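Asks: Here's a structure for you.
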Amino acid sequence: MPAPLGVTGVTGRLGGRVARLLAAAGAEQRLVVRDPSRAPLLSGATVAEASYLDRDAVRRALDGLDVVLMVSAAEAEDRLDEHRAFVDAAADAGVRHLVYISFFGAAPDATFTLARDHHVTEQHIEQSGMAWTHVRDNLYADFIPALAGADGVIRGPADDGRVSAVAQDDVAAAVTAVLLDPAPHEGRTYSLTGPEALTLSEAAATMSRVLGRPCTFVDETVEEAYASRASYGAPGWQLDAWVSTYTAIASGELAAVTGDVERLTGHAPMSLADLLGQAG
């Protein structure tokens with residue numbers, strides 16, 4: 001019998017979707033969670049408790065597994081420490097192939113600050129001795145509506161830059177395809193996008209049309225963006241991440257459209273209008 005697939009992040013939006021798809025496909029899986037009481041109840045799944053920073057617990061949780069999905073940890077100042085600890089523990093546990101959820105355009109000089117952290121994580125994985133697959137998803141189309149305030153206005157220094165946002169369901173389907181047949185994907189990096197790149201003005205117009213409520217985009221300066229978010233009391237690294245989401249769009253770094261979703265899943269990715277209509 002093949003070893004179960006290891007799946008992390010199953011209490012979150014993406015990992016949970018992947019785990020449910022794997023269960024529907026009849027795959028055996030081990031769900032690695034910090035809080036076992038929150039793990040989904042799925043056919044063919046067992047649960048192991050571990051947090052990324054607890055290397056001993058991760059080693060125990062991953063013992064005997066061949067292929068593991070590593071969903072990136074929640075945004076935090078020490079997220080890189082969590083990632084390094086998990087990767088090292090996975091290698092120590094004898095995991096052969098690590099599939100990592102990264103970010104579109106991950107690079108040391110990426111405008112989006114968190115994409116730089118993903119680059120460092122990718123490098124650490126590649127140096128671990130394990131086989132690897134990096135799945136770089138663009139901004140989630142599911143979250144585009146949340147960019148708008150209560151007044152229906154999206155504010156940020158995105159100018160007329162474009163973003164090829166991708167639906168979480170499409171990301172989950174692509175990741176599931178990799179996990180169910182991992183060998184052909186070793187040493188590969190996939191960049192997952194929607195079918196089109198929209199400006200935030202176009203995204204706002206789509207939201208207005210499909211959701212039936214007014215939505216607009218107001219371009220801020222970088223200084224205005226920091227000032228408008230200062231009231232949240234977030235730490236500096238978090239403010240940098242929020243603002244650089246928009247400046248990354250303005251720079252054009254999130255605009256490319258790829259065919260990787262269709263290449264992995266066999267179907268075209270959903271557009272923002274498709275997704276909003278489905279949610280409605």
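The values are calculated or read from the model by the stated rules, or taken from the named source; none is laboratory data. Only a predicted model underlies this, so the values are computations on that prediction, with no experimental measurement involved. Please note: Cβ atoms are built from the backbone with ideal geometry, for glycine as well, and neighbour counts cover all protein chains shown.
Asks: Look at segment 1-21 and say how many of its residues are assigned to a helix (DSSP H, G or I) and either basic (Lys, Arg) or closer than 13 Å to residue 68 by Cα (or both).
Replies: Total satisfying the criteria: 6.
Asks: Since residue 65 meets every condition but one in (1) modelled with pLDDT of 95 or more; (2) in contact with a Phe, Trp or Tyr (Cβ under 7 Å, 6 or more places away or on another chain); (3) assigned to a loop (DSSP other than H, G, I, E, B), which condition does it not meet?
Replies: With respect to (1) modelled with pLDDT of 95 or more; (2) in contact with a Phe, Trp or Tyr (Cβ under 7 Å, 6 or more places away or on another chain); (3) assigned to a loop (DSSP other than H, G, I, E, B), residue 65 is out only on (2).
Asks: Just give me the residues in segment 89-111 being touching a Ser or Thr at 6+ places or on another chain (Cβ under 7 Å) and part of a helix (DSSP H, G or I), in sequence order.
Replies: 91
Asks: Output the residues belonging to segment 19-66 that are touching a Lys or Arg at 6+ places or on another chain (Cβ under 6 Å) and under 24 Å from residue 265 (Cβ atoms).
Replies: 66
Asks: Answer yes if at least one residue in segment 161-176 is within 21 Å of residue 222 (Cβ to Cβ), touching a residue at least 12 places away in the same chain (Cβ under 8 Å), surrounded by fewer than 22 Cβ atoms within 10 Å (Cβ to Cβ) and of a type in the set (D, E, K, R), and no otherwise.
Replies: Checked segment 161-176: at least one residue is within 21 Å of residue 222 (Cβ to Cβ), touching a residue at least 12 places away in the same chain (Cβ under 8 Å), surrounded by fewer than 22 Cβ atoms within 10 Å (Cβ to Cβ) and of a type in the set (D, E, K, R).
Asks: Scan segment 24-54 for residues that are loosely packed, with under 14 Cβ neighbours inside 10 Å and of a type in the set (Asp, Glu) and report the count.
Replies: 1
Asks: Here's another thing I want to ask about it. How many residues are touching a helix residue (DSSP H, G or I) at 6+ places or on another chain (Cβ under 7 Å) and either part of a helix (DSSP H, G or I) or surrounded by fewer than 20 Cβ atoms within 10 Å (Cβ to Cβ) (or both) when one looks only at segment 112-129?
Replies: Going through segment 112-129 one residue at a time, the tally reaches 9.
Asks: Name every residue in segment 1-31 that is among the aliphatic types (A, V, I, L, M) and at pLDDT below 95, in order of residue number.
Replies: Within segment 1-31, 1, 3 qualify.
Asks: Also, quick follow-up: Quick one: which residue in 151, 142 is under 22 Å from residue 245 (Cβ atoms) and touching a residue at least 12 places away in the same chain (Cβ under 8 Å)?
Replies: Selected residue: 142, the only one of 151, 142 that is under 22 Å from residue 245 (Cβ atoms) and touching a residue at least 12 places away in the same chain (Cβ under 8 Å).
Asks: Within the group 73, 57, 89, which residue is surrounded by 15 or more Cβ atoms within 10 Å (Cβ to Cβ) and modelled with pLDDT under 95?
Replies: 73
Matching residues to (1) assigned to a strand (DSSP E or B); (2) within 30 Å of residue 234 (Cα to Cα); (3) polar (S, T, N, Q):
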{"site": "23", "(1), (2), (3)": "no, no, no"}
{"site": "27", "(1), (2), (3)": "no, no, no"}
{"site": "52", "(1), (2), (3)": "no, yes, no"}
{"site": "61", "(1), (2), (3)": "no, no, no"}
{"site": "72", "(1), (2), (3)": "no, yes, yes"}
